[in-house]
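Engineer: Submitted below is the structure of interest, expressed as structure tokens.
The values are calculated or read from the model by the stated rules, or taken from the named source; none is laboratory data. Note that this is a predicted model, so its numbers are computed, not measured. All Cβ positions, even for glycine, are placed from backbone atoms using ideal geometry, and neighbour counts span all protein chains on display. What goes into the accessible areas is simple: the full protein's heavy atoms, side chains included, and nothing from ligands, DNA or RNA. Shrake-Rupley method; radii C 1.70, N 1.55, O 1.52, S 1.80 Å.
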Amino acid sequence: MTKPKPKPKLKSKTAPKAKPTPKPRPQLPKAPTGIQGLDEITGGGLPKGRPTLVCGGAGCGKTMLAMEFLVRGATEFNEPGVFMAFEENAKDLIQNVASLGFDLKDLAARKKIVVDFVYVERNEIEESGEYDLEGLFIRLGSAIDSIGAKRVVLDTIETLFSGLPNPLILRAELRRLFRWLKDRGVTAIITGERGEETLTRQGLEEYVSDCVIVLDHRVSEQASSRRLRVVKYRGSTHGTNEYPFLIDADGISVLPVTSLGLEHIAPIERVSSGVARLDAMLGGAGYYRGSSVLISGTAGTGKSSLAAHFADAACRRGERVLYFSFEESPSQILRNMCSIGIDIQQWIKKGLLQIHANRPSSAGLETHLAVKHKLISEFKPQVVILDPLNSFVIGDNEIEVKSMLIRLVDFLKTRQITGLFTNLAQSGSPVEQTEVAISSVIDTWLLLRDIDSGGERNRCLSVLKSRGMAHSNQIREFMLTDHGVELRDVYVGPEGVLTGSARLTKEAENEAAMLIRNQEVELRRIELERKRTTLEAQIAMLRAEFAVQEVASSKIIGQEKAEKAQLAQGRVDMGLSRKVDAKPNKQKGGSK
Amino acid sequence: MKTNSDRPAQSEVKKALGLGASNRYILNLYVAGQSPKSVNAIANIKKICEENLQGRYELDVIDLYQQPQLAQGEQIIAVPTLIRKLPPPLRRIIGDMSNTERVLVGLDIRKNA
């Protein structure tokens, strides 16, 4: 699961150009945590053989993180670990982490993990003279040796300050302890409670300076969210942002979720959306099986109805559908869908459809995700519907919601379950913009819109995107009838897109206009014909006139020619009679 | 190392019932090897016991280097640690036992007893 690769890439990018040979830089050895996302942020894990401080307020998940580090190390990386608990006893700890699916008893039996509960009770302890913590060292040392541990967790060592007198001795001993841990070469996590002005109450960050991770659990708008930040990582680059994280049935997962491999198989099978006309818009066959579909739109645009159609169609094919509703109760959904002619009651009776309705505020995101995971694993549906998604967004936890969605979508995809989500878009705001965040995980995105004109609201549907299919670019008018959803072509003309009665009016107008235009065309044709005949008559007349003139002209030309010939003959005769020897031309030249 | 005087069965029973300070004391001293603190602690506690609890105490000195598993079993963190097993309640005294007053308070022994 861990990919230490992004790290070297990063390094080589920042490496100075002066180096002639791109030698691989010596990397700080790292111990992968196996925690989703954390290894990405830290570029491969925690510093190997060194202590790491994990601090944060109460209930922020320190113990969970430490425990997961240990359990994953033992199970996935073959690095046994010692968990030294100062706050919870072994029994409680085993119970608490069992909820994450960690079987500590079994791991302990297989010599993968040792849990040692350190009990310190101030009332029972009296101090007389100097002491040291050699007992703890011996204890830890023997635990490490007993299983050949490579990892150690001390949770929360600061408890010693309240349990033992003489903080000066303690401080000196803790410093020795962390040095000792380094010498033993174990990768350690030391947890610490957040202090007033320092990272930890007792200033442990002073002693543990290789890597410091701060966890935070904050509440905004009554909704809590967990965040993680790598404050310091000596000798390594690391992500410095605050990353939200979740604790669920699989343990901790930190965003970015790039740790989730995109390896799911994409089926080519298509499933009907339940609306024939919509299938036609989606390349003629509907959604891809195993894809994620988002239907977003403003209030009352028919998102749930489209979802119900899809559920109905899936049940008709004999598939199982899991419907999570966050706004309506099951009976409300049944009633409302009956009103548009979809009887989903029958599918519930047949056991093909399950509706789970609860308010998003009923639990934290992690719990919701865990519940969904569980239900999906149990019911094994082919289709999962979430209606609507945005009710999870309370305050500014959008990133967490996105993380939840991404993980849910990935989970669904690996199981080739088609996921359909509805999302209420705020009217007035550009829909495309508000949902940029979740667009990346959505394969097919349908947009429902209200068009408000001519004193009425009409619904429109368009396909914003649909990966891997030739989808229609047309807007369709979307109608909710008593026999379900119907899609109609909209009027597209010079006045724009018209829907509803405006569309009907416009269509009638158009027809009338067409009629008038046809008549006009006919009129023009007749007019043209008339002009043509007139012109042709004129042309004939002109031709006749010309013919007359031609005859007259050729007659005159004939007469002229005859006269000319006569005149010339007369001149020759005269010359002969006068005995002219020279030619008239030479006479002319001689005179010059 | 075991230092004890007579141990009749009867007092054992009484002690188990926790009857008064005059009863038997069972003390375990956990040390780490021959460190100066350990050596001091052994010497100090022996002296205190002899002076105050003569004849009614049992003192076991345990070297954690020899028996490291006992550190976990007995919840030892600090060294040296003296544990008063009996009479109840369980008491712990940490340090090299150089402060006699504190040791006596910790063991709940009245000086004039």
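Engineer: Could you say whether any residue in segment A:123-130 is in a loop (DSSP other than H, G, I, E, B), without any contact (Cβ under 8 Å) to a residue 40 or more places away in the chain, buried (at least 22 other Cβ atoms within 10 Å of the Cβ) and not hydrophobic (A, V, I, L, M, F, W, C)?
Structural biologist: Checked segment A:123-130: at least one residue is in a loop (DSSP other than H, G, I, E, B), without any contact (Cβ under 8 Å) to a residue 40 or more places away in the chain, buried (at least 22 other Cβ atoms within 10 Å of the Cβ) and not hydrophobic (A, V, I, L, M, F, W, C).
Engineer: Just give me the residues in segment A:443-458 being out of contact with any strand residue (DSSP E or B) (no Cβ under 8 Å at 6 or more places or on another chain) and open to solvent by less than 10 Å² (accessible area, probe 1.4 Å), in sequence order.
Structural biologist: none
Engineer: I'd like to verify a number: residues in segment A:324-338 that are farther than 21 Å from A:S361 by Cβ, open to solvent by 30 Å² or more (accessible area, probe 1.4 Å) and touching an Asp or Glu at 6+ places or on another chain (Cβ under 8 Å), how many?
Structural biologist: 1
Engineer: Checking A:R139 against (1) under 28 Å from B:L107 (Cα atoms); (2) free of Cβ contacts under 8 Å to residues at least 60 places away in the same chain; (3) surrounded by fewer than 24 Cβ atoms within 10 Å (Cβ to Cβ); (4) within 11 Å of chain B (Cβ to nearest Cβ): exactly one of these is not met. Which one?
Structural biologist: Unmet condition: (3).
Engineer: Condition check: modelled with pLDDT of 90 or more, in contact with a strand residue (DSSP E or B) (Cβ under 7 Å, 6 or more places away or on another chain) and open to solvent by 20 Å² or more (accessible area, probe 1.4 Å). Does A:S146 satisfy that?
Structural biologist: Against the criterion (modelled with pLDDT of 90 or more, in contact with a strand residue (DSSP E or B) (Cβ under 7 Å, 6 or more places away or on another chain) and open to solvent by 20 Å² or more (accessible area, probe 1.4 Å)), A:S146 qualifies.
Okay, residues lined up against (1) closer than 23 Å to A:T159 by Cα; (2) at pLDDT below 85:
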{"residue": "A:G43", "(1), (2)": "no, yes"}
{"residue": "A:G61", "(1), (2)": "yes, no"}
{"residue": "A:M64", "(1), (2)": "yes, no"}
{"residue": "A:N78", "(1), (2)": "no, no"}
{"residue": "A:M84", "(1), (2)": "yes, no"}
{"residue": "A:Q95", "(1), (2)": "yes, no"}
{"residue": "A:A109", "(1), (2)": "no, no"}
{"residue": "A:G129", "(1), (2)": "yes, no"}
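Engineer: So, in segment A:303-323, how many residues would count as being within 26 Å of A:D452 (Cα to Cα) and open to solvent by less than 10 Å² (accessible area, probe 1.4 Å)?
Structural biologist: 3
Engineer: A:N473: open to solvent by less than 100 Å² (accessible area, probe 1.4 Å) and either in contact with a Cys (Cβ under 6 Å, 6 or more places away or on another chain) or modelled with pLDDT under 85 (or both), yes or no?
Structural biologist: Taking the combined requirement at face value, the residue does not satisfy it.
This table checks each residue for (1) farther than 30 Å from A:N458 by Cα; (2) in contact with a Leu (Cβ under 6 Å, 6 or more places away or on another chain); (3) of a type in the set (K, R).
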{"residue": "A:G493", "(1), (2), (3)": "no, no, no"}
{"residue": "A:N510", "(1), (2), (3)": "no, no, no"}
{"residue": "A:R525", "(1), (2), (3)": "yes, no, yes"}
{"residue": "A:E536", "(1), (2), (3)": "yes, no, no"}
{"residue": "A:M541", "(1), (2), (3)": "yes, no, no"}
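Engineer: Now for a different question. Do the conditions hold for A:E196, that is, is it among the acidic types (D, E), in contact with a strand residue (DSSP E or B) (Cβ under 9 Å, 6 or more places away or on another chain), open to solvent by 10 Å² or more (accessible area, probe 1.4 Å) and without any contact (Cβ under 8 Å) to a residue 12 or more places away in the chain?
Structural biologist: No; evaluated as a whole, the condition is false for this residue.
Engineer: Kindly establish whether A:R151 is among the basic types (K, R), open to solvent by less than 10 Å² (accessible area, probe 1.4 Å) and more than 14 Å from every other protein chain (Cβ to nearest Cβ).
Structural biologist: yes
Engineer: Still on this structure, I have one more. With respect to B:L64, determine if the residue is in contact (Cβ under 8 Å) with a residue 12 or more places away in the chain, within 21 Å of A:I138 (Cβ to Cβ) and more than 12 Å from every other protein chain (Cβ to nearest Cβ).
Structural biologist: Here the answer is no, as B:L64 does not meet what is asked.
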